[in-house]
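Below is one structure, written out as structure tokens; the observations come after it.
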Amino acid sequence: MSSTPTPQPNSTNPNTGLLAGLKLYIDRQANGVGRYLLQQLLFMLIGWIPTVIGIAARGVLYRLILHMDGMAAIENGVRIRFASQIQLGRGVYIDQGCYLHACPQGITIGDESFVMHGAVLHVYNFRNLPHAFIRIGQNSLIGELNVLRGQGGITIGNRVYTGPLVQILAVNHVFDDPSRPMVEQGITAQGITIHDDVWVGAGAIITDGVTIGQGAVIAAGAVVTQDVPAHTVVGGVPAKVIKEITAENFVQNHRTPNRPEIY
């Protein structure tokens with residue numbers, strides 16, 4: 001006669017594992033189950049609606065999940081996580097395909113700033129980092145397919161323009177110990193500051209710990225690993241100062257024959 005097996009005290013309950021996995025997933029999407037359900041309901045009902053109809057609906061109803069000063073235009077297909085940690089100024093525009101992940105300290109986008117198609121603004125702070133945020137000033141433009149990783153904090157000033165495919169990465173991996181896997185050695189997150197009136201060319205990469213001075217220009221494809229002085233042009237890998245932007249250069253350039261038309 002067979003007997004019923006006695007459950008082992010240390011056996012893993014698959015239901016417990018499933019619930020733990022669901023809790024972890026929700027914890028990385030929103031500040032609690034209620035916020036998560038509200039976010040997902042709004043995304044399902046109006047997140048997909050195209051044209052100005054969808055923009056108007058989201059401009060009104062997304063106030064239930066994020067903070068808006070005045071009216072912001074959010075296109076369809078924008079992915080948002082931790083919406084309660086997002087602050088949008090007046091006239092902000094978020095293009096299709098953008099992804100905003102705003103763990104505590106969150107994402108702030110100033111008045112009249114644009115975030116263009118496919119850009120990723122990712123704070124992703126699950127290590128209790130003290131300065132994890134992304135803050136963008138007024139009248140700035142984050143170009144197509146940019147990636148901003150804000151674990152160490154990213155501060156972008158006013159009238160800052162970035163070209164397509166720019167990466168601004170306020171985080172780095174530690175890899176000094178050859179006896180341990182890189183993923184076990186931790187990270188550093190010093191932060192990045194970009195002052196007013198900076199232009200970052202297409203495909204440039206700005207690494208953790210860098211400050212870029214006011215009025216600087218970063219050439220396309222540059223890899224910036226050190227601070228950039230104000231009113232300079234830097235380029236190369238690693239980026240170095242190419243020239244200074246001065247009043248004398250301005251006068252000389254305007255006297256150059258066959259100078260391109262300025263619009």
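The values are calculated or read from the model by the stated rules, or taken from the named source; none is laboratory data. Everything numeric here is computed off the predicted structure, so don't read it as measured data. Note: ideal-geometry Cβ built from the backbone for every residue, glycine included; neighbour counts use all protein chains shown. Quick note on the areas: whole protein, heavy atoms, side chains included, nothing else; ligands and nucleic acids left out. Shrake-Rupley method; radii C 1.70, N 1.55, O 1.52, S 1.80 Å.
Among Tyr124, Ala216, Leu64, which residue has its Cα furthest toward the positive end of the charge dipole of the chain, with +1 on Lys/Arg Cβ and -1 on Asp/Glu Cβ?
Leu64
Using the heavy atoms of the protein chains alone and a 1.4 angstrom probe, what is the accessible area of segment 115-219 per residue in square angstrom?
With the other protein chains kept in place, segment 115-219 gives 44 Å² per residue.
Would you work out what percent of the accessible area of the chain, with all protein chains in place, is carbon or sulfur (probe 1.4 Å)?
Heavy-atom surface of the chain belonging to carbon and sulfur, 1.4 Å probe: 59 percent.
Along the Cα→Cβ direction, 7 angstrom out, place labels at Ile262 and Asn249. What is the inter-label distance in nm?
A separation of 1.4 nm, rounded to one decimal place.
Highest mean first, what order results for 108-116, 43-51 on Cβ atoms within 10 Å?
108-116, 43-51
Can you tell me how much longer the chain between Arg90 and Val241 gets when fully stretched, taken as 0.36 nm per residue apart minus their C-alpha distance, in nm with one decimal?
50.8 nm
Between Thr188 and Gln214, what FRET efficiency follows from the Cβ-Cβ distance if R0 is 25 Å, with the result rounded to 0.05?
0.45
In segment 203-263, what trypsin sites (Lys or Arg not before Pro) fall in a loop by DSSP, with at most 11 other Cβ atoms inside 10 Å?
Taking segment 203-263 and a limit of 11 other Cβ atoms within 10 Å, the loop trypsin sites (Lys or Arg not before Pro) found are Arg255.
What percent antiparallel are the DSSP beta bridges of the chain, to the nearest 5? Each step should come with its number before you reach the end.
Values: 6 of 52 bridges.
Counting DSSP beta bridges with both partners in the chain, the antiparallel share is about 10 percent.
At 0.36 nm per residue, minus the direct Cα-Cα distance, what do Thr16 and Arg79 gain on full extension? Give it in nm, one decimal, please.
Net length gain for the segment: 19.8 nm.
Pull up all non-local amide H partners of Gln138: gap of 5 or more, or a different chain, and H-to-H distance under 5 Å with H placed in the peptide plane.
Excluding prolines and chain starts, which carry no amide H, the hits are Asn158, Arg159.
Taking the Cα-to-Cβ direction at Thr51 and at Leu64 and moving 7 Å from each Cα, how far apart do the two end points lie in nm?
That separation, rounded to one decimal, is 2.4 nm.
So between Met71 and His131, what do we pick up on full extension, going 0.36 nm a residue minus the alpha carbon distance? Can you show the working numbers first?
On the way: separation 60, 0.36 × 60 = 21.60 nm, distance 2.82 nm.
Full-extension gain reported as 18.8 nm.
Within 10 Å, count the other beta carbons around each residue, average over each peptide in 31-40, 214-223, 199-208, and list them highest first. Please list the in-between numbers first.
Values: 31-40: 15.1, 214-223: 19.1, 199-208: 20.9.
Put in order of decreasing packing, that is 199-208, 214-223, 31-40.
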